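S.K.: Take a look at the following structure, please.
Where a number appears in this text, it was derived from the coordinates with a stated rule and is not lab data. Please read these numbers as outputs of a predicted model, since none were measured by experiment. Positions of Cβ are backbone-derived with ideal geometry, glycine not excepted, and every protein chain shown enters the neighbour counts.
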There are 2 protein chains.
Amino acid sequence: MNDLSALGRIRVVLSRPSHPGNIGAVARAMKTMGLAHLWLVSPAFFPDPVAEARASGAGDVLVGARVVDSLQEALSGTVFAAALTARRRDLSLARLDPRAAAAELMQWSRNTRGEVALVFGNEASGLSNEELGLCTLPVTIPANPDYPSLNLGAAVQLMCYELRLAAMGEGADALPSETLPEPATHDEVENFFEHLESSIVASGFLDPAKPRRLMPRLRRLFGRARLEKEEIAILRGILSSFDAGVKNYR
Amino acid sequence: MNDLSALGRIRVVLSRPSHPGNIGAVARAMKTMGLAHLWLVSPAFFPDPVAEARASGAGDVLVGARVVDSLQEALSGTVFAAALTARRRDLSLARLDPRAAAAELMQWSRNTRGEVALVFGNEASGLSNEELGLCTLPVTIPANPDYPSLNLGAAVQLMCYELRLAAMGEGADALPSETLPEPATHDEVENFFEHLESSIVASGFLDPAKPRRLMPRLRRLFGRARLEKEEIAILRGILSSFDAGVKNYR
């Protein structure tokens, strides 16, 4: 299946980029592969003449870029978000390589007609654990373990290349062709987590003063499941039924 | 076959690069993928502080770079040379994409134990016909036909990534295997579902007389997540905290 139009439903999100040159390089990398939607979360410098110079003929991607204050905002309305991370983290054991991630992003984009996101962290510090928690799945580029430090523009180039190949039909035959049930949006999932957290605080299971790693663990669990819209409704219905018992008891 | 040592027999050759920043970006891109041998044919500026800055932690690749006067010299001793070219030319009828080119380069490197080369032309003018003629086969990166203008560093990153994947013996399974958390056993999962069912019956959410498709739906949701042993413990702890509220209320 050749569906380059699906590339138009992909957001590239840069969280807190420090160097305007990298923003320009990212715009150029995106456009060479047919992507257009750039979202910038609290960029250190933007707009900036250095970004424009490095974007070369891709200035239109910069002009169309959306600047927002939080990753939450950048992911609002998306149905799937892949997070690029070089580091090993205890909580991110399921982890895709770029090819598998591109196949999955394209599958979600095609089957749901919804927007999907590819999220990159700050050049020096990467994505925070909190930011990672907002994304569906981590992606790691296989790299030299002694020097895994890809430049931001280069990492975006590589991911966009894999997305273009996936959109061109590479590997598409291997994917299930059935229509997926309607996925929950980012906002619906976040509202569910808020509800879950407040319910288990009310029940006494979670002590807000000593949160341990409880919510991140639950996020990881439900993240793997990729919740559907109707499932969110069921889970919140269950929570409400528990809330009623807990509230009247206390 | 996993043979990362073959990456040590690959030369990256830049012919007449104009911008020292690009030379630095190329060094960095190479090192992230485990390549080390950079050859520069008549660079406009080298060595150069801009190249060093952009190389970041890959200064060793710049220090080891060989500077020569002609592509002939840079290819001396190689057994195979792939030439990157964006443009269509009458003379380049057979043309590989990056993945096929990487497979072929690795095959030559493995089977002959000889050195192979990946050749990139000048940023603005690309490779001349004469230079192309010195190479074994042209390679074209699939790109947006309206804007196929990849940055030199980005193109090198992408080719070196494909070479690393080819050396690792192919994509998806090739990420370093991490220890997976201990999965829940079948019985633990079944006990969790029993607990869940009795809790939502007690809370009034599930009417045993009219079960609808509720438990099958919840089984499907948690089945997709492939629960871990510790997660079962957390989920049952949460259910118990709700049970206490519900029980005392009723």
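S.K.: Could you go through segment A:57-66 in sequence order and give the Karplus-derived ³J(HN,Hα) for each residue, using 6.51 cos²θ - 1.76 cosθ + 1.60 with θ = phi - 60°, rounded to whole Hz, and x for Gly and Pro?
M.R.: Calculated HN-Hα couplings, in order: x, 10, x, 5, 5, 5, 4, x, 5, 9 Hz.
S.K.: Counting DSSP beta bridges in segment B:18-150, what percent are antiparallel, to the nearest 5?
M.R.: Of the beta bridges lying entirely in segment B:18-150, close to 10 percent run antiparallel.
S.K.: Every other copy gets compared here: list the nm distances from the B:F45 label point (7 Å along Cα to Cβ) to its counterparts, shortest first, one decimal.
M.R.: Label point to label point, same position, other copies: 1.7 nm.
S.K.: Cross-link candidates for B:K229: which lysines have Cα within less than 27 Å, leaving aside residues fewer than 8 places away along the same chain?
M.R.: Straight-line reach from B:K229, under 27 Å: A:K210, A:K229, B:K247.
S.K.: Could you work out how far the C-alpha centroid of segment A:220-243 sits from that of segment B:223-238, in angstrom?
M.R.: Comparing the Cα centres of segment A:220-243 and segment B:223-238, I get a distance of 14 Å.
S.K.: OK, next. Determine the sum of side-chain charges near A:P20: Lys and Arg each +1, Asp and Glu each -1, restricted to other residues whose C-beta is under 11 angstrom from that of A:P20.
M.R.: Every neighbour counted, the sum reads -1.
S.K.: Using the 2.2 N^0.38 Å rule of thumb for compact globular proteins, work out how segment B:1-144 stacks up: its C-alpha Rg over that value, please.
M.R.: Working it through for segment B:1-144, the quotient is 1.00.
S.K.: Per-residue Cβ counts within 10 Å, from other chains only, averaged over A:192-204: what number is that? Walk me through the numbers before you get to the answer.
M.R.: Values: counts 0, 0, 0, 0, 1, 0, 0, 4, 5, 0, 3, 9, 4.
Mean number of neighbouring Cβ atoms from other chains: 2.
S.K.: Any number yet on Rg/Rh for chain A, C-alpha, Kirkwood?
M.R.: A ratio of 1.00.
S.K.: How far apart are the B:N191 label points across copies, placing each 7 Å from Cα toward Cβ, in nm, shortest first?
M.R.: 3.7
S.K.: Taking a label point 7 Å out from Cα toward Cβ, give me the nm distances from B:R226 to the same spot in the other copies, shortest first, one decimal.
M.R.: Label-point separations across copies, in nm and ascending: 1.4.
S.K.: Something else now. To check my understanding: the extent here is largest minus smallest coordinate of the Cα atoms along each principal axis. What are those three numbers for the protein assembly as shown, in Å, largest first?
M.R.: 88, 48, 39
S.K.: Work out, in µm²/s and without decimals, the Stokes-Einstein translational diffusion coefficient of segment B:102-161 at 37 °C, 0.692 mPa s, Rh from Kirkwood over C-alpha pairs.
M.R.: Reported coefficient: 250 µm²/s.
S.K.: Sticking with the crude label model, points 7 Å out along Cα→Cβ, report the distance from B:S42 to B:D69 in nm, one decimal please.
M.R.: 1.1
S.K.: GNM, chain A, Cα, under 10 Å: largest mean-square fluctuation among A:D97, A:D187, A:D146?
M.R.: Of the options given, A:D146 has the highest mean-square fluctuation.
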